[in-house]
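Structure record follows, encoded as structure tokens.
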Amino acid sequence: MATENNIHRESRLAKLNTLLEKGYNPYPYCFKPNAYAAQLQDKYKDLPAGESTEDRVTVAGRAMAVRNSGMFIDLKDISGKIQIFCHKNNLSEPDLELLKCLDVGDLVGVTGFVRRTPRGELSVAAEKFDIIGKSLQPLPEKFHGLTDVEARYRQRYVDFIMNDDSREIFKKRCQITSAIRRYFEEHGFLEVETPMLHPIMGGANAKPFITHHNALDMDLYLRIAPELYLKRLVVGGLDRVFEIGRNFRNEGVDKKHNPEFTGLEAYQAYADYNDMAELIPDLIRYVCEQVLGKPSFTYKGVEIDVSKPFPKKSIVDLVKEYAGIDLMKAQTVEEAKEMAKSIGIDASQCSNWGKVVQLVFDEKVEANLIQPILVMDMPRDISPLAKTHRSNPRLVEHFDAYACGMELGCAYSELSNPLEQRARFEAQCAEREAGDDEAQMLDEDYVNALENALPPTGGMGMGIDRLAILLTDADTIRDVIAFPTLRNK
């Protein structure tokens, strides 16, 4: 295949040299179309077969097929396809010479009149023809049939050229992000930007990427979450803030995880996790209606209804329901490990009760949560930034939102007591010293910010990529990220 591609490239290079020798520039500075394929298809949908118009248009796009030595060209632009009809009676001799140098994949610009062929194909009959981007690489004949499944991700530009579905998924993903932004702006939130480089790792339990700043001679962490900076802004009097931006976590790659991903976080003063339990379903409903035109979506053949409030169930009740054990009865981590072992789960590496609860949930419950649900009241051990539950000190006011067996986001009643926050951080530091490199660090400046008084605050976070997976019915997170992280060849 490589040898064949080299032969095609040599042929294209020869045509490029022919153009250059004739004094023709196939890479012009500018070209301005005034019409698009889909607009023309709609405007002239009633034009009878064999009829021509007096209407002149200029179109531009990629030549996806060339037939009869260039007489017929299938042109594809951002909106769709239209046929170009190149006849010697309508073109100058120089333009006819250009046609001899045309290859599939070249970008072309055409001015001509609109007609419908006797066979019923709407066409632009070319009166002026230009090559405006000479492609030196041949396009694959059937991109779906590539044996290297990662080729679509490695050469996303070719994927988008050849695969309309891939391009539509990405366009819809952009619409999702825009709809999220509109939702928060309509609800009085201020969009802000916070640092990507953090001197202290915090805001989530995850392994960080580490970089070095030469001028300051200090190591910095690529942010795993913007949470602690956003809550500093709430302390400063910005009552409603949100941020959409990249987060970085040094973790594995699978269908739901990419080392860099787009996160959404939002914080609302004078609110708690009950308010967030209304906001998150309302946000997802709004996005569905804005992007799909209805308050539901279909994922892998299952209709997912987001028109109603999401049901709520505590994580320990869900474990009891699906795994058959009541971990609230375990008073120590050892008792919890034994209960997990009784259902075939090895929790020997878990350092506290909360991690056992989370492990059992991941193994026995998560995949069953198909319709939207809020998994409430997480263990205090594993959620150092949320307020202790007002009715059970072993838990915190933290829920995770699930659908289609996938976590979409989470929300807290944000911990605002600086003394308790310091104690929680210190417990995390002990976890780090014991070998947990995902545990958080003590952020003295953040604790100091809390000592200036954080109002009662509800906060939420969501992975935009995961929401895009569901709303586009994609197979993997790689489908909704333009350039996913891949292993070097």
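The values are calculated or read from the model by the stated rules, or taken from the named source; none is laboratory data. No experiment lies behind these values; they were computed from the predicted model shown. Here Cβ is always computed from backbone atoms with ideal geometry, including for glycine, and neighbour counts include all displayed protein chains. Surface areas here come from the heavy atoms of the whole protein model, side chains and all, with no ligands, DNA or RNA. Shrake-Rupley method; radii C 1.70, N 1.55, O 1.52, S 1.80 Å.
Odds and ends about this structure:
- Here Leu230 fits the description: under 24 Å from His398 (Cα atoms) and either of a type in the set (S, T, N, Q) or touching a strand residue (DSSP E or B) at 6+ places or on another chain (Cβ under 9 Å) (or both).
- Flag for Asp377 being in contact with a Leu (Cβ under 7 Å, 6 or more places away or on another chain) and open to solvent by 10 Å² or more (accessible area, probe 1.4 Å): yes
- Scan of the range 405-424 for residues that are open to solvent by 20 Å² or more (accessible area, probe 1.4 Å) and either assigned to a strand (DSSP E or B) or not hydroxyl-bearing (Ser, Thr, Tyr) (or both), ordered by number: Glu407, Cys410, Tyr412, Asn417, Pro418, Leu419, Glu420, Arg422, Ala423
- Any hit, the range 205-214, residues being open to solvent by less than 20 Å² (accessible area, probe 1.4 Å), touching an Asp or Glu at 6+ places or on another chain (Cβ under 6 Å), under 17 Å from Leu408 (Cα atoms) and of a type in the set (Gly, Ala, Ser): yes
- Taken across the range 315-332, residues that are in a loop (DSSP other than H, G, I, E, B), more than 27 Å from Glu414 (Cβ to Cβ) and touching a Ser or Thr at 6+ places or on another chain (Cβ under 8 Å) do occur, with at least one present.
- Restricted to the range 333-353, and to residues there that are over 19 Å from Met378 (Cα atoms) and assigned to a loop (DSSP other than H, G, I, E, B), the residue that is least open to solvent (accessible area, probe 1.4 Å) is Ile345.
- Pairing each residue of the range 222-249 that is among the polar types (S, T, N, Q) and open to solvent by less than 50 Å² (accessible area, probe 1.4 Å) with any residue that is assigned to a loop (DSSP other than H, G, I, E, B) and modelled with pLDDT of 95 or more, provided the two are 6+ apart or on different chains, yields C-beta distances under 8 Å for Asn247/Arg223; Asn247/Ile224; Asn247/Ala225; Asn247/Pro226.
- Among (1) within 20 Å of the chain's Cα centre (by Cα); (2) at pLDDT 95 or above; (3) open to solvent by 70 Å² or more (accessible area, probe 1.4 Å); (4) over 23 Å from Leu279 (Cβ atoms) - the single one Leu197 does not satisfy: (1)
- Residue match in the range 451-463 (condition: touching a Ser or Thr at 6+ places or on another chain (Cβ under 8 Å) and within 30 Å of Tyr157 (Cβ to Cβ)): yes
- Verdict on Phe297 being within 21 Å of Ala367 (Cβ to Cβ), of a type in the set (A, V, I, L, M, F, W, C), crowded, with 16+ Cβ neighbours inside 10 Å and more than 20 Å from the chain's Cα centre (by Cα): no
- Residues of the range 192-238 that are farther than 12 Å from Phe248 by Cα, among the charged types (D, E, K, R) and in a loop (DSSP other than H, G, I, E, B): Glu193, Asp217.
- Any hit, the range 365-375, residues being over 27 Å from the mean Cα position of the chain (by Cα) and over 22 Å from Ile464 (Cα atoms): no
- The criterion of at least 3 residues that are of a type outside the set (Ser, Thr, Tyr) and open to solvent by 50 Å² or more (accessible area, probe 1.4 Å) is met by the following strands (runs of 3 or more DSSP E) wholly inside the range 1-100: 52-67.
- Hits in the range 349-392 - residues which are among the β-branched types (Val, Ile, Thr) and touching a helix residue (DSSP H, G or I) at 6+ places or on another chain (Cβ under 9 Å): Val356, Val357, Val360, Val365, Ile373, Val375, Ile382, Thr388
- Filtered by the rule that a residue be of a type in the set (D, E, K, R) and in contact (Cβ under 8 Å) with a residue 40 or more places away in the chain, the range 406-443 gives Glu407, Glu414, Arg424, Glu431, Asp436, Asp437, Glu438, Asp443.
- Put simply, of Asp473, Asp436 the only residue that is among the charged types (D, E, K, R), touching a Ser or Thr at 6+ places or on another chain (Cβ under 8 Å) and more than 30 Å from Phe297 (Cβ to Cβ) is Asp436.
- Filtered residue count, the range 439-462, keeping only those that are outside any loop (DSSP other than H, G, I, E, B), out of contact with any strand residue (DSSP E or B) (no Cβ under 6 Å at 6 or more places or on another chain) and open to solvent by less than 50 Å² (accessible area, probe 1.4 Å): 4
- Selection over the range 235-289 of residues that are touching a helix residue (DSSP H, G or I) at 6+ places or on another chain (Cβ under 7 Å), farther than 18 Å from Gly409 by Cβ and not β-branched (Val, Ile, Thr) gives a count of 1.
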